[in-house]
1. Restricted to the range 102-112, and to residues that are at pLDDT 95 or above and more than 14 Å from the chain's Cα centre (by Cα), which residue is farthest from residue 53 (Cα to Cα)?
2. Here's a check for you: in the range 1-20, which residue that is touching a strand residue (DSSP E or B) at 6+ places or on another chain (Cβ under 6 Å) and more than 18 Å from residue 123 (Cβ to Cβ) is modelled with the highest pLDDT?
3. Search the range 102-125 for residues being touching a residue at least 12 places away in the same chain (Cβ under 8 Å) and out of contact with any strand residue (DSSP E or B) (no Cβ under 8 Å at 6 or more places or on another chain), and hand back the single one that is farthest from residue 44 (Cα to Cα).
4. Pick out the one residue from 152, 147 that is surrounded by fewer than 17 Cβ atoms within 10 Å (Cβ to Cβ), at pLDDT below 90 and either in contact with a helix residue (DSSP H, G or I) (Cβ under 9 Å, 6 or more places away or on another chain) or not in a helix (DSSP H, G or I) (or both).
5. Within the range 39-63, take every residue that is surrounded by fewer than 17 Cβ atoms within 10 Å (Cβ to Cβ) and closer than 16 Å to residue 138 by Cα and give me the one that is nearest to the chain's Cα centre (by Cα).
6. I'd like to know if the range 82-96 contains one or more residues that are touching a helix residue (DSSP H, G or I) at 6+ places or on another chain (Cβ under 8 Å), farther than 24 Å from residue 145 by Cα, at pLDDT 90 or above and buried (at least 18 other Cβ atoms within 10 Å of the Cβ).
């Protein structure tokens, strides 16, 4: 298990987003028709940019449960984290998909406890599942959007340009039951 780096900043009552961060919303969750892996579809709030993030099946299930507002008989992992944060009087201020390196996305969860900001390294799928449960903003760093576009032109795994055009043209019916 990888160590999670915690960075503390003090003296801020709120949290601002960097000018390089683009606010996004979860547009939906779907299966990649090529790889048959789940994809979380993020779209910027102006609707101009789409970012697909491939996630694992279990992580997609955690996101789908919250999108559909399905109650489970026992708390799932992200519900437990939500309860812990609330019990510790800690607010989830924002999540940021901060980096794309070697085809892997990285995210940071920004917490606020009594005015102390704490950043915690996270997988994007976990950060997004928490953002849904705690209704906090989701940002993607512009460098990730640029890297993702660059990667789509050089990747030979699948035809990402074709997939991107397909993703950008999605309507609600295409997303199936997991749309926002």
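The values are calculated or read from the model by the stated rules, or taken from the named source; none is laboratory data. Nothing here was measured: the structure is a model prediction, and the numbers come from that model. Quick reminder, even Gly has a Cβ in these numbers, built from the backbone with ideal geometry, and neighbours come from all protein chains shown.
1. Ranking the candidates gives 112 first.
2. Ranking the candidates gives 20 first.
3. Checking each candidate, the answer is 114.
4. Selected residue: 152, the only one of 152, 147 that is surrounded by fewer than 17 Cβ atoms within 10 Å (Cβ to Cβ), at pLDDT below 90 and either in contact with a helix residue (DSSP H, G or I) (Cβ under 9 Å, 6 or more places away or on another chain) or not in a helix (DSSP H, G or I) (or both).
5. Applying the filter and picking the extreme gives 45.
6. Yes, that holds for at least one residue.
Residue-wise test of (1) more than 18 Å from the chain's Cα centre (by Cα); (2) assigned to a strand (DSSP E or B); (3) surrounded by fewer than 18 Cβ atoms within 10 Å (Cβ to Cβ); (4) at pLDDT 60 or above.
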| residue | (1), (2), (3), (4) |
| --- | --- |
| 117 | yes, yes, no, yes |
| 121 | no, yes, yes, yes |
| 126 | no, no, no, yes |
| 130 | no, no, no, yes |
| 143 | no, no, yes, yes |
| 156 | yes, no, yes, no |
| 162 | yes, no, yes, no |
| 167 | no, no, no, yes |
| 170 | yes, no, yes, yes |
